[in-house]
Amino acid sequence: MDPQKFNRLLRKINTDSRAFEAIYNEYYGKVKLHILRGFGKLLSPEDVAQEVFLSLLNLKIDKPIEHPTSWLMRLAENKAKDILRVRHEEVSLSELLPVPFCIDSTILRADMQAVFRKLDPLTQQIIYLHIWEDYSYQEIADELHISCSNVRVKVSRAYKIIKKLL
């Protein structure tokens, strides 16, 4: 969803149920998947997603949100951390490590899975971070310890491969 539409819907979220429904339908699955990857089985992704969308109803935002997906994912992470903090449970480091990217659970269409499998693992990870996690090229480069220009080239080549195969 583009930022302008998201901000317009967010301003009307308390007065128009369709605005809430549009945001919910667009982002609920993404929030659940992000929490599942980030917190594994520590938390119920459905519960965290519910808390995120309930908090949207009470949020007072002064300035427009430039990157809605990243903003919602950060909100979800903070909600999950708050829930863990309230529980006061000690958690081992291995439980906090993110669930690795899995083509089968991320990409639902079989034809897209087949195309995605034809990409090398680094390119798969770059495309995943760019599309699903909404990372910028610079953020991907920092995360994977490669140059930003290398990320650009890999994304460009991956799009060409995907376009050709589909």
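Annotations
- Cross-link pairs 12/60; 5/63; 41/118; 30/164; 30/81 - those with Cα-Cα distance over 23 Å: 41/118; 30/164
- Scanning the chain for GluC sites (Glu not before Pro) lying in DSSP loops with no more than 15 further Cβ atoms inside 10 Å, the longest uninterrupted stretch between such sites is 91-166.
- Mean sequence separation of contacting Cα pairs (under 8 Å, at least six apart), scaled by the length of the stretch 3-94, corresponds to a relative contact order of 31 percent.
- For residue 70, neighbours were defined as the other residues whose beta-carbon sits under 12 Å from its Cβ, and their charges (Lys and Arg +1, Asp and Glu -1) total -3.
- Net dipole in debye of the stretch 103-165 [+1 Lys, Arg Cβ; -1 Asp, Glu Cβ; about Cα centre; nearest 20]: 520
- For the chain, the relative contact order is 20 percent, taking Cα pairs closer than 8 Å that sit 6 or more residues apart in sequence and dividing their mean separation by the residue count.
- In the chain, the sites counted are trypsin sites (Lys or Arg not before Pro) in DSSP loop states with at most 11 other Cβ atoms within 10 Å, and the longest stretch holding none of them, exclusive of the sites, is 110-166.
- Magnitude of the charge dipole for the chain, about its Cα centre and with charges confined to Cβ atoms of Lys, Arg (+1) and Asp, Glu (-1), is about 660 debye.
- Nitroxide proxy distance, nm - points 7 Å out along Cα→Cβ at residue 120 and residue 60: 5.2
Every number in this text was worked out from the coordinates using simple rules, so none of it is lab data. Nothing here was measured: the structure is a model prediction, and the numbers come from that model. Using ideal geometry, Cβ is built from the backbone for each residue, glycine included, and neighbour counts are taken over all protein chains shown.
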